[in-house]
1. Where does the charge balance sit around residue 135 when Lys and Arg score +1, Asp and Glu -1, over other residues with C-beta under 13 Å from its C-beta?
2. Give me the count of lysine pairs in the chain whose alpha carbons sit under 27 angstrom apart, restricted to pairs 8 or more positions apart or on different chains.
3. With the other protein chains left in place, how much accessible area per residue, in square angstrom, belongs to the chain at a 1.4 angstrom probe?
4. Ignoring everything except DSSP H segments at least 4 long, calculate the 222 nm mean residue ellipticity for the chain; use -39,500 (n - 2.57) per segment, divide by total residues, nearest 500.
5. Compute the distance from the alpha-carbon center of the range 84-119 to that of the range 19-38, in whole Å.
6. In the range 138-224, what GluC sites (Glu not before Pro) fall in a loop by DSSP, with at most 11 other Cβ atoms inside 10 Å?
Amino acid sequence: AAAAEVAALPPSPKKVAEMPKSGALAIEAYWGTYALDGEPLGRGEIRLDYPNEKEYALTLSARAVGWVSIFVGGPVELKSAGEIGPDGLIPRSFKQNTPRRPASQSTFDPLAKTAQFAADGPLITAPNGLQDRLSVAFQLAWMGESQPEGLQPGQRFDIPLATHKDVQTVRFQVGDPEDLVLPGGILVSALRVTSDPFQTRRMGQIDLWLDPTDRHFPVRILYTE
């Protein structure tokens, strides 16, 4: 099992998980709960690249569409970059650029086990298995792919998560499969993984729906504040 896992089920033998090829997942962004007839507020993509066989780069980019673009003119971009190890993703940096806030960058040193949330900010302790707000979805996919039977309802994972200014250990729990109707009317049965509430600028929570038939890739991500 991965270092961040808290076993809620008997441990299973570990298999070698493989990252998918470089590519992009198209995304649509909605305010609140998605509805099949809803109008997206933004469109973009999540892109996965490999500078070399031991490194990864994840980029989420989106831009407002429709009437929202009148008020939010610039793009939103999140980027997680780091290494690939035997237990999955090892972030080295997390960059965030949004129209309403200055660009920010966090850096992580897995060898020294430290994190820094601004160029002149203090170093704080960062435990093994640290993930950022973008990498955590793909790390959970990695953990599912590492188990011979995939993610199972009832499993719990304690993952150190870098927020805006600190590191918190956040518990994620795997729920039962749910049938989702995605844009275009595509029906997918996905496992819902829900975090416990945690504090960032406000109290927040993450829900992920992971497709076990497609490397546990996220098909829906919900951030709640």
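The values are calculated or read from the model by the stated rules, or taken from the named source; none is laboratory data. This structure is a prediction, so every number in the text was calculated from the model and none was measured. Cβ coordinates were reconstructed from backbone atoms using ideal geometry, including for glycine residues, and neighbour counts include every protein chain displayed. For accessibility, only protein heavy atoms count, side chains too; no ligands or nucleic acids. Shrake-Rupley method; radii C 1.70, N 1.55, O 1.52, S 1.80 Å.
1. 0
2. Taking the Cα cut-off of 27 Å, the pair count is 16.
3. 54 Å²
4. Value at 222 nm, helices only: -1500 deg cm²/dmol.
5. 23 Å
6. Listed in order of number, the matching sites are 149.
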